[in-house]
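Reviewing the structure listed below.
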Amino acid sequence: MGLRARLLALPRFADATALIAGDARWSYQELDLRARRAGAALAAAGVAPGDRVAVCAASSAEHIAAIVAVHHVGAILVPINPRASAPELRHVLEDSGASILLADSTTRPTLIGLTDRRVYDVVTLSQGEEPPALAVADEDIAAIVYTSGTTGRSKGAALSWRALVTAMATLGAAWGLGPGDRVSHALPLFHVHGLCVGIYASLLHGVAIALHSRFLPSTLLDDLAAGATVVHAVPTMYSRLLETLALAPELAPLLARARLFTAGSAALSPDVHAAFVGLGGPPILERYGMTETLITISNPLAGERRPGSVGLPLPGVEIRIVDDDGCELEAGTPGELQIAGPTLMTGYWNAPEATRAAFDGRWFRTGDTAIRGPDGYVQIIGRTSLDIIKSGGFKVGAREIEDVLARHPHVVEVAVIGRPDPEWGERVVAVVVARPGVDSAALAPTLAELARLELTHYKQPREIVFVDALPRNAMGKVEKAKLRATLSVSAAPDP
Ligand code: MLC
Ligand code: AMP
């Protein structure tokens, strides 16, 4: 059986619950039926294998049926942030060449105003009967997931069926996922954490998905009370959960109800890990991943889940740690983490130069700085570039924000950095040099408004700081490390 066919073989889980979302409670049989009808509707609308179909909608059962429908017709899924700004939406639609958009009532008006492409509603996409039978190769592209980088706008990581299904089957085996599980899922569906770990890994293993369109600690606790066995979350969600439990300690015993809490997308602080265990929860299983590589390193299900470490390479994954010249380093020495194996992306969509730069032969350069201990456990200690920020598990490219703010005529120059933050991991901070004589108190809200128009919510600077000049090295390059160190000790006002 081809790898795509493995994902689409939903009827093998028959009456087992697939989705609990809002009022919907669908069995695997029902999800399969709805996805087939929606697939037939897409085929009737002319969608052919290899076409790109964008899905831009809040999380719902119909959204998941639409995703599966896109795969039924052999099209390439392009998941889009339903809160993306107009310029971000235009970029992803143009870059991916998506011919058809699947929306919901919240995103449809914006999308129709923005593009003359056909926009269908995920809820009403159900007129057909049976999608065409297709032969799809394992190397064909299943999805293009957009992610920020060190240069310009976001790039689309093209993920093959081989990468997707291999990675999610490996994860399912490593974490013991199966039809007895119910996952509490409040992650966004336009990144690999929510889409692949949350949805594809669950659908491959017959897991029931309790799906929420936003994260609330109270909803997670309700899911635990209702029998959720697995939770996938970013560290900020665990911090929020602990805050809630500090106010309602009588609910803490619910943590012992689930068998597995996983964390990823950003570093989980050992303090949060300890507090969670202190409340009676099982040790959180931290793992490491990336849009371009999928999930590659994980603490074990059975065995030591080491706080502050992302664990050991998953089966089939090779890792190496290299110095600036690409030479492999010994255990215990920090360097860039590079990854090889079947779960890597095929390349960036329509960007051969960027793809070439991202690989050293078969090794993908993660840009993360890591140490491998003598026992093989890996620790992520930072990034090779300060132009990449992680806020609440979302990747933010500093350049993208700098380009927006630098367009304002009262700005001489701007540097965007991530300031360490206990809640978000890092907060996006814009350091601005204003034109002489400009009132910075008046400029700050103007820049904040500009950011609101151009950038999705999590990329908008949480602080705007004005300085007389940016620190530069002898080569004239802005010294972001210096800026970050200065700002970490001095409080700055909110915009
Ligand atoms: C929300 N806000 C953020 C933010 N999320 N600010 C900075 N960083 C973020 N990540 C701001 C909003 O703009 C708003 O600001 C305020 O917080 C409240 O908004 P909200 O929408 O109510 O926030 P909330 O729902 O609480 O969002 C927090 C969160 C969310 C943690 C649930 O950030 C989230 O879903 N993060 C998950 C990211 C993720 O899935 N990453 C996976 C990447 S894949 P204001 O000013 O309006 O009040 C990857 C690979 C791998 O990394 O290994 O997994
Ligand atoms: P993204 O490009 O959004 O897929 O984010 C991938 C990046 O998230 C990685 O390169 C890491 O910097 C970071 N990341 C993912 N998981 C972890 C983790 N467990 N600990 C630290 N950083 C992580």
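Per-structure values
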| item | result |
| --- | --- |
| Enumeration of residues in the stretch 183-200 that are part of a helix (DSSP H, G or I) and of a type in the set (Phe, Trp, Tyr) | Tyr200 |
| Cβ pairs under 6 Å, 6+ apart, first in the stretch 37-58 and in contact (Cβ under 8 Å) with a residue 12 or more places away in the chain, second of a type in the set (S, T, N, Q) and open to solvent by 40 Å² or more (accessible area, probe 1.4 Å) | Arg37/Ser126; Ala38/Ser126; Ala41/Gln127; Asp51/Ser99; Ala58/Thr106; Ala58/Ser213 |
| Some residue of the stretch 99-115 being away from ligand 2 (no atom under 16 Å from the Cβ), surrounded by 18 or more Cβ atoms within 10 Å (Cβ to Cβ), among the hydroxyl-bearing types (Ser, Thr, Tyr) and part of a loop (DSSP other than H, G, I, E, B) | yes |
| Residue count, the stretch 256-283 (criterion: assigned to a loop (DSSP other than H, G, I, E, B) and open to solvent by 60 Å² or more (accessible area, probe 1.4 Å)) | 3 |
| Test: residue in the stretch 201-210 that is within 21 Å of the chain's Cα centre (by Cα), within 14 Å of ligand 1 (Cβ to nearest atom) and assigned to a loop (DSSP other than H, G, I, E, B) | no |
| Filter pass, Phe261 being aromatic (Phe, Trp, Tyr), within 16 Å of ligand 2 (Cβ to nearest atom) and over 23 Å from Ser202 (Cα atoms) | no |
| Filtered residues of the stretch 195-233 (kept if aromatic (Phe, Trp, Tyr) and surrounded by fewer than 21 Cβ atoms within 10 Å (Cβ to Cβ)) | Phe215 |
| Options Ala158, Ala133; residue that is free of Cβ contacts under 8 Å to residues at least 12 places away in the same chain and either more than 15 Å from ligand 2 (Cβ to nearest atom) or in a strand (DSSP E or B) (or both) | Ala133 |
| Verdict on Ala173 being under 26 Å from Ala16 (Cα atoms) and in a strand (DSSP E or B) | no |
| Residue within the stretch 407-416 that is surrounded by 15 or more Cβ atoms within 10 Å (Cβ to Cβ), charged (D, E, K, R) and under 30 Å from Phe190 (Cα atoms) present | no |
| Options Thr486, Thr456, Thr446; residue that is free of Cβ contacts under 8 Å to residues at least 24 places away in the same chain and either within 16 Å of ligand 2 (Cβ to nearest atom) or of a type in the set (Ser, Thr, Tyr) (or both) | Thr486 |
| Filtered residues of the stretch 381-393 (kept if away from ligand 1 (no atom under 16 Å from the Cβ) and crowded, with 17+ Cβ neighbours inside 10 Å) | Leu386, Asp387 |
| Checklist (1) touching a Leu at 6+ places or on another chain (Cβ under 7 Å); (2) among the hydrophobic types (A, V, I, L, M, F, W, C); (3) part of a helix (DSSP H, G or I); (4) crowded, with 22+ Cβ neighbours inside 10 Å applied to Ala41, failing item | (4) |
| Among the candidates Pro282, Pro307, Pro300, residue that is farther than 23 Å from Ala158 by Cα, in contact with a Pro (Cβ under 8 Å, 6 or more places away or on another chain) and either among the hydrophobic types (A, V, I, L, M, F, W, C) or more than 16 Å from ligand 1 (Cβ to nearest atom) (or both) | Pro307 |
| Identity of the residue in the stretch 106-132, of a type in the set (A, V, I, L, M, F, W, C) and over 17 Å from Val92 (Cβ atoms), that ends up nearest to the chain's Cα centre (by Cα) | Val122 |
| Residue list for the stretch 438-447, filter: surrounded by 18 or more Cβ atoms within 10 Å (Cβ to Cβ) and either touching a helix residue (DSSP H, G or I) at 6+ places or on another chain (Cβ under 6 Å) or of a type in the set (Gly, Ala, Ser) (or both) | Ala444, Leu447 |
| Pairs with Cβ under 8 Å, 6+ apart, first in the stretch 247-268 and more than 12 Å from Gly227 (Cα to Cα), second open to solvent by 20 Å² or more (accessible area, probe 1.4 Å) and part of a helix (DSSP H, G or I) | Leu251/Thr244 |
| Residue match in the stretch 394-406 (condition: touching a residue at least 24 places away in the same chain (Cβ under 8 Å), acidic (Asp, Glu) and within 16 Å of ligand 1 (Cβ to nearest atom)) | yes |
| Of all residues making up the stretch 337-366, the number that are part of a strand (DSSP E or B) and without any contact (Cβ under 8 Å) to a residue 60 or more places away in the chain | 8 |
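Quick grid of which residues meet (1) surrounded by 21 or more Cβ atoms within 10 Å (Cβ to Cβ); (2) more than 15 Å from ligand 2 (Cβ to nearest atom):
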residue	(1), (2)
Glu330	no, yes
Glu336	yes, no
Gly341	yes, yes
Thr346	no, yes
Arg362	no, yes
Asp375	no, yes
Gln379	no, no
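The values are calculated or read from the model by the stated rules, or taken from the named source; none is laboratory data. Just so it is clear, the model here is predicted, and its values are computed rather than measured. Neighbour counts run over all protein chains shown; Cβ positions are idealised from the backbone, glycine included. The protein model used for the area step is the full one, side chains on, heavy atoms only, and it has no ligands, DNA or RNA in it. Shrake-Rupley method; radii C 1.70, N 1.55, O 1.52, S 1.80 Å.
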